[in-house]
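Take a look at the structure below.
The numbers here are math on the coordinates, done by the rules we state, and not lab data. The model shown is predicted, which means the values in this text are computed figures rather than measured ones. Because the Cβ atoms are built from the backbone with ideal geometry, glycine has one as well, and the counts that use them run over all protein chains shown.
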Amino acid sequence: QVQLVESGGGLVQPGGSLRLSCAASESIFSIYTMGWYRQAPGKQRELVAAITSGGNTNYAEFVKGRFTISRDDAKNTVSLQMNTLKLEDTAVYYCYAQSGIARYWGQGTQVTVSS
């Protein structure tokens with residue numbers, strides 16, 4: 001079973017930047033699609049961005065042009081660079097890894113955008 005540990009959340013002002021990282025407990029090379037979901041209070045969890053083992057990326061419309069997902073298979077990590085953050089980006093961000101029907105989740109990291 002893959003274990004995922006997120007880091008990098010915190011408090012930032014609108015327009016600021018944060019970088020989230022997710023470390024996997026085993027090699028993710030050419031196996032897993034990795035990505036990030038987020039969940040704001042009272043809302044459903046929603047996909048933010050994903051990256052396949054081949055490096056293809058997919059972004060939610062509300063983050064296109066602002067967020068960038070990347071992976072380093074040598075370090076078993078996936079990162080999410082978040083720029084031009086908005087108040088509505090406030091949420092708990094969850095890293096996930098998926099291979100076939102198997103999906104694993106991290107514990108989540110809080111991102112708060114506030115002035």
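Report, ordered by chain and residue number, the lysines lying within cross-link reach of residue 43, taken as a straight Cα distance under 30 Å and ignoring same-chain residues fewer than 8 apart.
Of all the lysines, those that pass the test against residue 43 - Cα under 30 Å, at least 8 places apart if same chain - are 64, 86.
Once the convex hull of the C-alpha atoms of the chain is built, how many Å³ does it hold per residue, rounded to a whole number?
93
For the residue pair residue 7 and residue 72, what label-to-label distance in nm results when each label sits 7 Å from Cα along the Cα-to-beta-carbon direction?
1.1
If the chain between residue 56 and residue 103 were fully stretched, how many nm would it gain, using 0.36 nm times the residue separation less the Cα-Cα distance?
So the chain would gain 15.1 nm between residue 56 and residue 103.
So what is the relative contact order of the chain, in percent, for Cα pairs below 8 Å that sit 6 or more residues apart?
With pairs under 8 Å counted, the relative contact order is 37 percent.
State the answer as a single residue: which of 108, 74, 62 lies farthest towards the positive end of the charge dipole of the chain, with beta carbon charges of +1 for Lys and Arg and -1 for Asp and Glu, about the Cα centre.
62
Expressed as cubic angstrom per residue, what is the convex hull volume of the alpha carbon set of the range 1-54?
118
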